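One structure is given below, encoded as structure tokens.
The values are calculated or read from the model by the stated rules, or taken from the named source; none is laboratory data. These numbers come from a predicted model, not from an experiment. Don't worry about glycine lacking a Cβ; one is built from the backbone with ideal geometry, like all the others, and counts go over all protein chains shown.
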Amino acid sequence: MRSKSKAGSVDRLLARPLPLATRASPAIRILGIDPGLTITGFGILDKCGGRLNYVTSGRIKTAQGELAPRLKAILDGVNEVIAKYRPQQVAVEKVFVNVNPQSTLLLGEARGAAICAVVEQDLPLSEYTALQVKQAVVGTGHAKKEQVQEMVSRLLRLTANPSLDAADALACAICHAHAGFGKLGASGYRIKKGRLV
């Protein structure tokens with residue numbers, strides 16, 4: 001399934017929507033976002049008690065060109081995902097300082113556009129570093145993207161691997177689900193030097 005707009009497109013990969021609640025306990029629907037100016041990954045899962053159920057994942061792609069239309073494509077794409085899947089909580093990966101300051105600034109602007117879409121809908125937002133996300137999913141903060149992708153597929157019992165961007169977004173949602181919905185202290189986790197311990 002693909003939806004196109006002037007400045008970008010939203011790809012949904014491995015889409016198979018699930019009902020929001022199960023009989024045993026109501027589900028909490030979590031949207032994970034891996035921001036990027038060219039490709040912003042998204043992943044949605046339901047947390048039902050101790051079980052995580054995959055809902056959908058994909059990428060919001062922007063066309064090359066002026067910055068403003070690209071940021072609008074990210075804003076519109078995230079709004080479209082929120083409107084269609086109705087997440088109750090959102091987890092976003094924090095920006096890290098890159099070797100190239102210009103790339104870091106552009107990534108921050110893309111992240112800001114995604115966060116604006118979330119805030120516009122009054123959804124609770126939690127942020128996690130890449131180290132926290134990788135440690136929660138793989139067990140080590142220095143895992144490679146392919147390791148994260150493989151573990152996401154295993155944890156969510158997927159029949160195929162999502163794209164790297166979608167896998168990172170799903171990993172962010174998994175981290176949020178395992179971290180007590182942003183309340184690290186209440187769930188027994190704490191942050192030490194950027195890691196969950």
**Prompt:** Out of (1) at pLDDT 85 or above; (2) assigned to a strand (DSSP E or B), the odd one out for VAL10 is which?
**Reply:** (1)
**Item:** Close pairs (8 angstrom Cβ cut-off, 6 or more residues apart or separate chains): more than 19 Å from CYS172 (Cα to Cα) and without any contact (Cβ under 8 Å) to a residue 40 or more places away in the chain in the stretch 79-104, in a helix (DSSP H, G or I) and of a type outside the set (A, V, I, L, M, F, W, C) anywhere
**Value:** ASN98/THR104
**Asked** Yes or no: LYS61 surrounded by fewer than 20 Cβ atoms within 10 Å (Cβ to Cβ) and at pLDDT 95 or above?
**Response** no
**Request:** Give the residue, chosen from ARG111, ARG86, that is touching a strand residue (DSSP E or B) at 6+ places or on another chain (Cβ under 9 Å) and at negative phi.
**Result:** ARG111
**Request:** Please give the number of the condition ALA73 fails out of (1) in a helix (DSSP H, G or I); (2) in contact with a Leu (Cβ under 9 Å, 6 or more places away or on another chain); (3) surrounded by 16 or more Cβ atoms within 10 Å (Cβ to Cβ); (4) aliphatic (A, V, I, L, M).
**Result:** (2)
**Message:** Given the options VAL90, VAL95, VAL99, VAL133, name the one that is among the aliphatic types (A, V, I, L, M), surrounded by 15 or more Cβ atoms within 10 Å (Cβ to Cβ) and in a loop (DSSP other than H, G, I, E, B).
**Reply:** VAL95
**Item:** Of residues in the stretch 144-197 being of a type in the set (Lys, Arg) and farther than 23 Å from GLN88 by Cβ, the one modelled with the highest pLDDT
**Value:** ARG154
**Message:** I'd like to verify a number: residues in the stretch 28-78 that are without any contact (Cβ under 8 Å) to a residue 24 or more places away in the chain and either of a type in the set (Ser, Thr, Tyr) or within 23 Å of PRO124 (Cβ to Cβ) (or both), how many?
**Reply:** 2
**Request:** Among the residues of the stretch 136-169, count how many are buried (at least 16 other Cβ atoms within 10 Å of the Cβ), over 13 Å from TYR54 (Cα atoms) and of a type in the set (Gly, Ala, Ser).
**Result:** 4
